[in-house]
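The values are calculated or read from the model by the stated rules, or taken from the named source; none is laboratory data. Note that the coordinates shown come from a computational prediction; the quantities given were computed from them, not determined experimentally. As a convention, Cβ positions derive from the backbone with ideal geometry for all residues, glycine included, and neighbour counts pool all protein chains shown. Only protein heavy atoms, including side chains, enter the accessible area calculation; ligands, DNA and RNA are left aside. Shrake-Rupley method; radii C 1.70, N 1.55, O 1.52, S 1.80 Å.
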Amino acid sequence: MNILQFCYKPPFPAVDGGTIDMYSIGQGFTNLGHRVKVLTFFSDKNPFDLSLMPQNYLDTYTPEGVYVNLKPNVFDALLYVFIARSYIVERFISSKMKNKLINLLQHSDFDIVQIESINLVPYIPTIRQFSDAKISFHCPNVEHLIWQRIYKNEKRNILKRWYFKNTAQNMRYYEQTHINDFDIIFPVTQIDANYFKNMGCKKPCKGVPIGFDIPEDLPDVIEEENSLFHIGSMNWFPNEQGIKWFLNDVWKEILRISPEVKLYLAGRHMSSYFTSGEWQNVNILGEVADSIAFMCSKQIMVVPLLSGSGIRIKILEAMSLSKTVVATTIAAEGIMYENGKNILIADTPQEFAVTIKKLVDDRDYCKQIGQSAAELIREKYATNVVAQEIIDEYDKLLND
């Protein structure tokens, strides 16, 4: 099977949830013997440098990229709210990408064009015009649901609340209008698949998890006792929002009953709010050189998201490393977990504090949760298994 993977940002390097998702599924397809070509947008935030890519990646995916300026423009953002169009989508409309796409479609015979974001919907007419390929939507989340949850959790700033609400409404209309433009849809959770069906999706729509393999060789580091950590890109609003809530509302409750614990915050694009702030027993690290080594060196992952959709890949990554994860219900949404067996759910400051207290007081219990988490990844999230599930659906689609 010949697949064009059409991406909103480069899958390599796989440094955050979105890139890990795209890289993993492409790897799964090639592991199973299929051909994958990568066409991607890139930006200042997510650069595309062929010289930094390993030769085997270049040979396998022959990636090509088109630059787009994704720096937020306040005037444009407000304008699109007033004219009821999605600024999130409009920023990706590019004549250079359209021409690049046309050239690829005219010179290659693709069976599937797999679109990796709702932002790339404007290119569907071009794909239909220049190719007979089936169009798939490998869907990382329900975009409007993220903005809706952000809006509901914004209590302080009236202007932000108004903007988030209107952005959510515009995005919902866009998703609902275009959800049947695809031939098949693969949300990363069945929850999101059901959401699309309730929105009126008539095309095949099946929740398929993100492929994730347990690393074979782990770094030789010592796990620090009584250490909590979070890692994630802080220019993704739900991460920033959740960590602010954790520092301002949750952390004091944890320290009140577990004064010995320390918190380590890692991730790209830490704002001055974090780097210039001071919280007791909190270490702001920013981007770390080796995320796996960082996670292995700490004891308990906290994921205090208040908004979001899809699935948190960093949770799966931590679970694959046998790390115990304490997360909000929204953060764990879509993961095939059992609360109290392979993850622990906490939605209030008090629940976080009591759960952390139990884990630091009982290391055997903490290790048991982490070991069960790794077993879940091994059984349900293997890359080739997930890729095969999608390929089976592609075979049905192409043979109808």
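Under 1.5 on a/c is rounded, so check that first for the stretch 258-307, then, if it is not, pick prolate when a/b is larger than b/c and oblate when it is not; a ≥ b ≥ c are the square roots of the alpha carbon gyration tensor eigenvalues. If you can, show how the numbers build up before the last one.
Numbers: a/c = 1.34, a/b = 1.03, b/c = 1.30.
Note, shape of the stretch 258-307 comes out rounded.
Leaving out ligands, DNA and RNA, and with a 1.4 Å probe, what % of the accessible surface on the chain is carbon or sulfur?
Heavy-atom surface of the chain belonging to carbon and sulfur, 1.4 Å probe: 49 percent.
How big is the Kirkwood radius of the stretch 138-256, worked out from every pair of different alpha carbons and given in Å to one decimal?
17.5 Å is the Kirkwood radius here.
Once you have a ≥ b ≥ c as the square roots of the Cα gyration tensor eigenvalues for the stretch 188-227, tell me rounded if a/c is under 1.5, and otherwise prolate or oblate according to whether a/b is larger than b/c.
In terms of gyration-tensor shape, oblate.
Test of understanding: express the Cα radius of gyration of the chain as a ratio to 2.2 N^0.38 Å, with N the residue count.
For the chain, the normalised Cα radius of gyration comes out at 0.99.
Convert each backbone phi in the stretch 97-103 into a coupling constant with the Karplus relation 6.51 cos²θ - 1.76 cosθ + 1.60 (shift: θ = phi - 60°), then list the ³J(HN,Hα) values in order as whole Hz, x for Gly and Pro.
5, 4, 5, 4, 5, 4, 4
I'd like the per residue volume of the convex hull spanned by the Cα atoms of the stretch 111-184, given in cubic angstrom.
Value for the stretch 111-184: 76 Å³ per residue.
Inverting the mean 1/r over all pairs of different Cα atoms, compute the Kirkwood radius of the stretch 144-211 and quote it in Å.
13.0 Å
How large is ³J(HN,Hα) for each residue in the stretch 287-297, as worked out from phi by the Karplus curve 6.51 cos²θ - 1.76 cosθ + 1.60 (θ = phi - 60°), to whole Hz, x for Gly and Pro?
Working through the residues one at a time gives 6, 9, 5, 9, 5, 5, 4, 4, 5, 5, 7 Hz.
In Å and whole numbers, how far do the C-alpha atoms of the stretch 284-400 stretch along each principal axis, longest first?
57, 30, 29
Quick one: which residues, 5 or more positions from V66 or on another chain, have an amide H under 5 Å from its amide H? H modelled 1.01 Å from N in the peptide plane, none for Pro or chain starts.
It is T40, F41, F42, by chain and number.
Using only the alpha-carbon atoms of the stretch 187-295, report the extent along each of the three principal axes, biggest first, to the nearest angstrom.
53, 37, 29
Name all residues of the stretch 217-261 having a backbone nitrogen under 13 Å from the label point set 7 Å from the Cα of Y365 along its Cα→Cβ direction, giving them as ranges.
none
When all alpha-carbon pairs of the stretch 78-208 are counted, what percent fall beyond 19 Å?
54 percent
Using only Cα atoms, what Kirkwood radius does the stretch 20-164 have, in angstroms?
Kirkwood radius, the stretch 20-164: 17.5 Å.
Treating the Cα atoms of the stretch 17-63 as identical point scatterers in vacuum, please give the log10 of the normalised Debye intensity I(q)/I(0) at q = 0.22 Å⁻¹, two decimals.
Result of the Debye calculation: -0.87.
Considering amide H positions built from the backbone, and no H for Pro or chain starts, which residues 5 or more places from A382, or on another chain, come under 5 Å of its amide H?
Under 5 Å from the amide H of A382: F212.
How many angstrom separate the Cα center of the stretch 228-306 from the Cα center of the stretch 137-181?
Here the answer is 26 Å between Cα centres.
Set the Förster radius R0 to 41 Å, insert the Cβ-Cβ distance between S51 and L398 as r into 1/(1 + (r/R0)^6), and round the FRET efficiency to 0.05.
0.65
Rounded to two decimals, what is the ratio between the C-alpha radius of gyration of the stretch 236-320 and 2.2 N^0.38 Å?
On the way: Rg = 12.9 Å, N = 85, 2.2 N^0.38 = 11.9 Å.
Relative to the rule-of-thumb radius for its length, the stretch 236-320 sits at 1.09.
Can you compute the modelled spin-label distance between K341 and M1, with each label point 7 Å from Cα toward Cβ, in nm?
3.0 nm
Where does the charge balance sit around L376 when Lys and Arg score +1, Asp and Glu -1, over other residues with C-beta under 9 Å from its C-beta?
Combined, the nearby Lys, Arg, Asp and Glu give 0.
Which length gain, in nm to one decimal place, applies between R378 and E287 when the Cα-Cα distance is subtracted from 0.36 nm times their residue separation? Spell out each step's value before the answer.
Working: separation 91, 0.36 × 91 = 32.76 nm, distance 2.78 nm.
Between R378 and E287, full extension yields 30.0 nm more.
Whole-Hz ³J(HN,Hα) for each residue in the stretch 65-72, computed from phi via Karplus 6.51 cos²θ - 1.76 cosθ + 1.60 with θ = phi - 60°, x for glycine and proline: what do you get?
Each residue's phi maps through the Karplus curve to give x, 10, 6, 9, 7, 9, 5, x Hz.
Lysines within cross-link reach of K197: Cα-Cα under 26 Å, excluding same-chain residues under 8 positions apart?
By straight Cα distance, K197 reaches K134, K152, K165, K206, K380, K396.
Given only helices, namely DSSP H runs of n ≥ 4 each adding -39500 (n - 2.57), what is the per-residue ellipticity at 222 nm of the chain, to the nearest 500 deg cm²/dmol?
So the calculated ellipticity at 222 nm is -13500 deg cm²/dmol.
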